[in-house]
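**Student:** Sharing a structure, written as structure tokens. Questions coming.
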Amino acid sequence: MSTLATDASERLRQIIARAEALYDDLDFKVVKEWKEQGKNRKAIGFLPIYVPREVIHAAGALPVGIMGGADRIEIVRGDSYFQSYICHFPRSVIELAVSGRLDACDGFLFPSICDVVRNLSGMFKMLFEGKWTHYLDLPQNFDNRLGGRFYKNEMRTIAREVGKLTGVEVTDKRLRDSITVFNENRTALRRLVHARRDRPWEIPTIDYYLLLRAAYLLPVEEHTAMVNEYVELSAQAGRPRMDNIRVAVRGAFCEQPPLGLLRTLERAGCYVVDDDFVLGSRFIEQDVDHHGDPWDALADGFMNRSLPTASKYDQRGTKHADFVQRVRDFKADGVIFMAPSFCDPALLDQPMLVKALENAGIPNTSFKYSEDTGQFQVIREQAGTFADALKLWGKA
Amino acid sequence: MKGATAEKDASMQKQKEMIASHFTELARVKDTGKKVVYTFVPGNLTELINHFGMLPVLPEINALQSGMRGKSAEYISIAEKAGHSEDVCTYVKTDIGMLKAGNIGPTGEPLPKPDLLLLSYTGCFTFLKWFELLREEYDCPVIMLHVPYQGEGEITPEMRSYVADQIREVVIPQFEKVSGVKYNEERMREQMRLSVRAEDDLVWVLNSARAKPSPIDSWFGGVYYIGPMFTSFRGTQDAVDYYTMLREEVQERMDAKLGPVTPDGQAKEEKYRLVVEGPPNWTSFREFWRMFADEGAVIVASSYTKVGGLYDRGFRHNPDDPIGSMADYCMGCYTNLNFPQRTEMLERYINEFQADGFLINSVKSCNSFSAGQLLILRELEKRTGRPGGFIESDLVDPRYFSAANIKNRLESYFQMIEAKRKGAKS
């Protein structure tokens, strides 16, 4: 290995070590440190999938993604709030909250995604009276005059309420500036996604995932720099190309897979070239207009240019064709549906997407996980068999 | 006598005729040319559908009827074999399975295909996916009526105008297009006057359970009482007549100090007055009801009978503002309330109906109801001091109805109430 490659590898290792430390930071120390660095700094926790972080940023607060506790937290009290047939995610969110780990957050945003997260918003209101908790009803009517107007009002409510906490008024200029820094972040994430699509051996799934997760804890400017540096160096590290198949993954947009599962997929012979992990970090892939009315621009971004996902109504009825096209654009050999157990949106969506793939002759397989899944042997065998079948016969 | 069929009240007969007539109309659409709308119960726009001379089909009612007719296990199995997960809502799977098995309705004839899917998406995300799935099966337009959730415990002017504007600018024009009928506000006011009359009587009936003994069971019996109001008949003279009749019958029972009619006839003694949160189980409905009736337990108020509107909390359709009140109606349904509102409503029921306790029937299929119910349980015990019970079942999947377990839990729960009473006396 050349010196350049060695240096690059070492720096990449440091970057990922930092990202992994953030991932492991279930006490949100990094958020507390950020708050201590300035006067009256506030942090707003938000749940998957998408909130307009630009608005929180413009109000002078730090948007903090609350993504559950994965397999790194023992659920002591969380289980006593939910029946066995409810997914795992709200258990670990409640566990984080009642154990005081979310105390660094001065408010919470619960975007509309499913009935469980919706009800969780009210549970937070009851359990943590006095903390600002808001249910963000994202529009399912995608007409600018109807859903757009409603959504802009929702965003203004958030701006006003977060502004009350920080003492900062969200002016159009502030919001445009925030859109600009988030556009820089979008550019960096596009580079990351495209690099992984084009050269997946250079960016292991686990690295890619940890970089996405870092977006939910770091100030956006810092995250942008982190991603840009990683992408640049990844091309110099000389990582070997494996005989892996290329897969797209769907279903993991809310409750996140444990890291062990991501490692397992790659070890089983699958490069994940397209996915819906940490989807809110890149929900609007292209830049949002930062010249005109910033509220209109954000509304337009969500309503007309955000990625399709199970909890968003497919108004145009094109999700089958769009999905097949996306799989082809990303040159995936097949699709792995991996949804969390009891995830209504993902599991109800799945039969429709499977049908679309089958009609297009695209191989696919599916399994379920939970954020605290600890046994991966069965998944490894399934993913491995899928990969072998595609390599040998081009179909599963 | 156990298992005997209770004599049907005139109102029950009336409702049966109304439903039969509705399904006959559905069966005849090829001849009559009437258009068919598939839609959901919570936030339904029944007056509007009738206004345009269209006929509603309610997929969740299909599913519950399939459950009661013992068909849901087969339908669920068909859906699961077609790739639907065992984890998801069994209403959806029963409906999908029924569709794949020929979409045979309760009269034995196939239900007509929809001319329109009205996705009035109130209080349940699964509805959204359900109609995306149905859209794959039918070549017809879909209307998405997004009804915002009362996340902050209120209906804001912005929420109201969002829904009203969608009704005005999207729903009505699409209905006009499909039906060929023009919207007539004056005629809608007339319909709403009829709605109000029926709503007043339904509320009177539900409130009759404040009496001791309660002349009605507000959950097992209640699901029949809400039938015409929540399905196809609100805003019709038939509904007004039904509720007038029902009210008179209940008045007679109150005057005679009679309890509710149960699957085995007249209830004998009111030993426990309960408030229930959650839907019932449909696959073993009568067996489930008997578990309560045999113990002298009467449900005096329930949240499930509010999924199609909170009339008892004061809501009425408003002839002076038809579209605005449709918007209020949609947003006011029970599952569209936030958790603090739901908890407060149940607390009021427990106090106002002088309940001995409350029970949660947690159904696997319905996260909208179920997610977080354990917090409601704790909170209500804390606020009211009355004992709470918790049982688990499902809507229409018989695999999740364990009679022995539920009976056991209920018996323990009734013992808890007894112990509490003894403690209060000593």
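The values are calculated or read from the model by the stated rules, or taken from the named source; none is laboratory data. Remember, predicted model here, so these are calculated numbers, not experimental data. Backbone-built Cβ (ideal geometry, glycine too); neighbour counts: all protein chains shown. When the accessible area is computed, the model is the full protein with side chains, heavy atoms only, and any ligands, DNA or RNA have been set aside. Shrake-Rupley method; radii C 1.70, N 1.55, O 1.52, S 1.80 Å.
**Student:** Identify, by number, the condition in (1) open to solvent by 10 Å² or more (accessible area, probe 1.4 Å); (2) β-branched (Val, Ile, Thr); (3) assigned to a helix (DSSP H, G or I) that residue B:163 doesn't meet.
**Tutor:** Condition (1) is where residue B:163 drops out.
**Student:** Regarding residue B:149, is this residue open to solvent by 10 Å² or more (accessible area, probe 1.4 Å), among the aromatic types (Phe, Trp, Tyr), more than 14 Å from residue A:314 (Cβ to Cβ) and more than 8 Å from chain A (Cβ to nearest Cβ)?
**Tutor:** Criteria not met by residue B:149.
**Student:** With A:231, A:193, A:162 as the choices, which residue is assigned by TED's automatic domain parsing to the domain that holds residue A:49, out of contact with any Cys (no Cβ under 7 Å at 6 or more places or on another chain) and of a type in the set (A, V, I, L, M)?
**Tutor:** A:162
**Student:** Could you list all residues from the stretch B:127-141 that are within 25 Å of the chain's Cα centre (by Cα) and either part of a loop (DSSP other than H, G, I, E, B) or more than 8 Å from chain A (Cβ to nearest Cβ) (or both)?
**Tutor:** Matches in the stretch B:127-141: B:127, B:131, B:134.
**Student:** Tell me the residue from B:123, B:102 that is within 11 Å of chain A (Cβ to nearest Cβ), outside any helix (DSSP H, G or I) and at positive phi, please.
**Tutor:** Only one candidate qualifies: B:123.
**Student:** Restricting attention to the stretch B:29-43, report how many residues are without any contact (Cβ under 8 Å) to a residue 24 or more places away in the chain and either in a loop (DSSP other than H, G, I, E, B) or under 16 Å from residue B:179 (Cβ atoms) (or both).
**Tutor:** Initially, the stretch B:29-43 is screened for residues without any contact (Cβ under 8 Å) to a residue 24 or more places away in the chain, giving B:31-34.
With either in a loop (DSSP other than H, G, I, E, B) or under 16 Å from residue B:179 (Cβ atoms) (or both) added as a condition, the list becomes B:32-34.
Summing the residues that are without any contact (Cβ under 8 Å) to a residue 24 or more places away in the chain and either in a loop (DSSP other than H, G, I, E, B) or under 16 Å from residue B:179 (Cβ atoms) (or both) in the stretch B:29-43 gives 3.
**Student:** What single numbered condition from (1) open to solvent by 20 Å² or more (accessible area, probe 1.4 Å); (2) modelled with pLDDT of 95 or more; (3) at the interface with chain A (Cβ under 8 Å from one of its Cβ atoms) fails to hold for residue B:193?
**Tutor:** (3)
**Student:** Further, regarding this structure: Taking the residues in the stretch A:302-322 that are in contact with a Lys or Arg (Cβ under 8 Å, 6 or more places away or on another chain) and away from chain B (no Cβ under 13 Å) as candidates, determine which candidate is surrounded by the most Cβ atoms within 10 Å (Cβ to Cβ).
**Tutor:** The selected residue is A:306.
**Student:** Mind checking which residues of the stretch B:388-403 are more than 9 Å from chain A (Cβ to nearest Cβ), surrounded by 20 or more Cβ atoms within 10 Å (Cβ to Cβ) and without any contact (Cβ under 8 Å) to a residue 60 or more places away in the chain?
**Tutor:** If the condition is that a residue be more than 9 Å from chain A (Cβ to nearest Cβ), surrounded by 20 or more Cβ atoms within 10 Å (Cβ to Cβ) and without any contact (Cβ under 8 Å) to a residue 60 or more places away in the chain, then B:388, B:391 are the ones that fit.
**Student:** State all residues of the stretch A:339-396 that are open to solvent by less than 20 Å² (accessible area, probe 1.4 Å) and basic (Lys, Arg); if no residue qualifies, say none.
**Tutor:** none
**Student:** Counting just the residues of the stretch B:299-318 that are in contact with a Ser or Thr (Cβ under 6 Å, 6 or more places away or on another chain) and open to solvent by less than 10 Å² (accessible area, probe 1.4 Å), which one comes out farthest from residue B:418 (Cα to Cα)?
**Tutor:** Filtering first and then ranking leaves B:317.
**Student:** Just need a number here: residues in the stretch A:125-156 that are of a type in the set (S, T, N, Q), surrounded by fewer than 22 Cβ atoms within 10 Å (Cβ to Cβ) and more than 7 Å from chain B (Cβ to nearest Cβ).
**Tutor:** 1
**Student:** So for the stretch B:225-237 (the condition being under 27 Å from residue B:23 (Cβ atoms), of a type in the set (S, T, N, Q) and not in a loop (DSSP other than H, G, I, E, B)), does at least one residue qualify?
**Tutor:** yes
Listed here are the residues, each with its yes/no results for (1) away from chain B (no Cβ under 14 Å); (2) of a type in the set (A, V, I, L, M); (3) part of a strand (DSSP E or B).
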{"residue": "A:34", "(1), (2), (3)": "yes, no, no"}
{"residue": "A:43", "(1), (2), (3)": "yes, yes, yes"}
{"residue": "A:51", "(1), (2), (3)": "no, yes, no"}
{"residue": "A:55", "(1), (2), (3)": "yes, yes, no"}
{"residue": "A:64", "(1), (2), (3)": "yes, yes, yes"}
{"residue": "A:69", "(1), (2), (3)": "yes, no, no"}
{"residue": "A:74", "(1), (2), (3)": "yes, no, no"}
{"residue": "A:80", "(1), (2), (3)": "no, no, no"}
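**Student:** Yes or no: residue B:328 part of a helix (DSSP H, G or I), modelled with pLDDT of 95 or more and open to solvent by 20 Å² or more (accessible area, probe 1.4 Å)?
**Tutor:** Against the criterion (part of a helix (DSSP H, G or I), modelled with pLDDT of 95 or more and open to solvent by 20 Å² or more (accessible area, probe 1.4 Å)), residue B:328 qualifies.
**Student:** So, in the stretch B:272-303, exactly how many residues are in a strand (DSSP E or B), among the charged types (D, E, K, R) and more than 14 Å from the chain's Cα centre (by Cα)?
**Tutor:** Matching residues across the stretch B:272-303 total 1.
**Student:** Which condition from (1) over 15 Å from the mean Cα position of the chain (by Cα); (2) surrounded by fewer than 18 Cβ atoms within 10 Å (Cβ to Cβ); (3) not acidic (Asp, Glu) is the one that residue B:224 breaks?
**Tutor:** The number of the failed condition is (1).
**Student:** Same structure, new question: Within the stretch A:170-179, identify whether any single residue is of a type outside the set (Lys, Arg), touching a Lys or Arg at 6+ places or on another chain (Cβ under 6 Å) and not assigned by TED's automatic domain parsing to the domain that holds residue A:125, and answer yes or no.
**Tutor:** no
**Student:** Which condition number in (1) open to solvent by less than 40 Å² (accessible area, probe 1.4 Å); (2) under 21 Å from the mean Cα position of the chain (by Cα) is the one that residue B:79 fails?
**Tutor:** Against the list (1) open to solvent by less than 40 Å² (accessible area, probe 1.4 Å); (2) under 21 Å from the mean Cα position of the chain (by Cα), residue B:79 comes up short only on (2).
**Student:** Modelled with pLDDT under 95 and either more than 29 Å from residue A:343 (Cβ to Cβ) or crowded, with 22+ Cβ neighbours inside 10 Å (or both): is that true of residue A:184 in this structure?
**Tutor:** Considered against the rule, which asks whether it is modelled with pLDDT under 95 and either more than 29 Å from residue A:343 (Cβ to Cβ) or crowded, with 22+ Cβ neighbours inside 10 Å (or both), residue A:184 comes out as no.
**Student:** Determine whether residue B:106 is open to solvent by 10 Å² or more (accessible area, probe 1.4 Å) and touching a residue at least 40 places away in the same chain (Cβ under 8 Å).
**Tutor:** Yes: the conditions hold for residue B:106.
**Student:** Sticking with this one: Could you check the stretch A:157-175 and list, in sequence order, the residues that are more than 14 Å from every other protein chain (Cβ to nearest Cβ) and out of contact with any Gly (no Cβ under 9 Å at 6 or more places or on another chain)?
**Tutor:** Scanning the stretch A:157-175 gives A:159, A:164, A:171, A:172, A:173, A:175.
**Student:** Would you tally the residues in the stretch B:170-188 being open to solvent by 50 Å² or more (accessible area, probe 1.4 Å), within 11 Å of residue B:48 (Cα to Cα) and not in a loop (DSSP other than H, G, I, E, B)?
**Tutor:** Residues that pass the stated criteria total 2.
**Student:** Among the candidates B:212, B:257, which residue alone is open to solvent by 10 Å² or more (accessible area, probe 1.4 Å), in contact with a strand residue (DSSP E or B) (Cβ under 9 Å, 6 or more places away or on another chain) and not in a helix (DSSP H, G or I)?
**Tutor:** Answer to the check: B:212.
**Student:** Return the pair list, or none, for Cβ contacts closer than 6 Å from residues in the stretch B:340-355 that are under 15 Å from residue B:213 (Cα atoms) to residues that are crowded, with 22+ Cβ neighbours inside 10 Å and not small (Gly, Ala, Ser), at least 6 apart or on different chains.
**Tutor:** From the stretch B:340-355, the pairs are B:353/B:300; B:355/B:273; B:355/B:274; B:355/B:275; B:355/B:300.
**Student:** Quick check: anything in the stretch B:196-213 under 27 Å from residue B:60 (Cβ atoms), among the aliphatic types (A, V, I, L, M), touching a residue at least 40 places away in the same chain (Cβ under 8 Å) and in contact with an Asp or Glu (Cβ under 6 Å, 6 or more places away or on another chain)?
**Tutor:** Yes: one or more hits.
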